[in-house]
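To start, the structure itself, in structure tokens.
Values quoted throughout were computed directly from the atomic coordinates according to the rules given, and no laboratory measurement underlies them. This is a predicted model, so every value here is computed, not measured.
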């Protein structure tokens with residue numbers, strides 16, 4: 001892991017998607033959450049993404065012993081990309097990282113989801129250019145929506161999926177380490 005890459009200037013300066021991409025994303029939220037103002041849905045969604053992003057970065061930096069080979073976490077618009085180090089098995093299969101977002105696909109009832117920290121985390125495979133990769137062996141026709149209820153349990157699932165993808169396996173080989181990492185991270189907050 002190259003920790004310095006996690007905190008370079010780009011890390012704190014999100015790249016924003018084009019206005020048309022953002023409009024499409026926010027229209028999806030508005031469509032499934034018609035009883036709240038669009039501005040409120042945007043604020044909630046951004047807050048949820050920010051929390052997810054902070055947890056991801058804290059876990060990677062504070063728990064290097066899990067040996068998750070994450071080189072860089074880069075926030076852009078309504079998602080952030082997680083780039084893998086060269087040693088990852090997935091790179092031999094064209095998978096160089098993943099993109100994560102909250103409310104990207106299943107975005108119903110974000111007021112409740114925000115209040116209860118019940119996140120639907122969209123998980124998409126990326127190639128070397130950050131474009132979407134499909135991989136049936138890993139169960140990705142397009143994306144997976146991850147949710148185990150409480151955010152702590154969902155974060156365990158997110159890292160388990162990252163471990164599976166990095167190692168190009170259908171099972172997680174670091175489940176105990178990930179569980180310990182997330183339990184420790186949530187107990188400190």
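Give the whole-number value, in cubic angstrom per residue, of the convex hull volume spanned by the C-alpha atoms of region 123-172.
75 Å³
As I understand it, the value is the acute angle between the Cα axis of helix 151-166 and the longest principal axis of the Cα atoms of the chain; what does it come to in degrees, rounded to 10?
Long axis of 151-166 versus the principal axis of the chain: about 50 degrees.
Which of rounded, prolate or oblate describes region 3-188 when judged by the alpha-carbon gyration tensor and an a/c cut-off of 1.5?
prolate
Tilt of helix 175-188 relative to the longest C-alpha principal axis of the chain, in degrees (0 to 90, nearest 10)?
It works out to around 50 degrees.
Relative to the longest principal Cα axis of the chain, at what angle does helix 38-62 sit, 0 to 90 degrees, rounded to 10?
For helix 38-62, the angle is close to 10 degrees.
Could you check what % of the DSSP bridge pairs in region 13-121 are antiparallel, to the nearest 5?
Once the DSSP bridges in region 13-121 are tallied, antiparallel ones form about 90 percent.
How far, in nm, would the chain grow between residue 89 and residue 136 when pulled straight, counting 0.36 nm per residue and subtracting the alpha carbon separation?
15.3 nm
Restricting to Cα pairs below 8 Å that are 6+ residues apart, what does the relative contact order work out to for region 3-188? Please round to a whole percent.
After rounding, I find 19 percent.
What share of the DSSP beta bridges in the chain is antiparallel, in percent to the nearest 5?
That works out to approximately 95 percent antiparallel.
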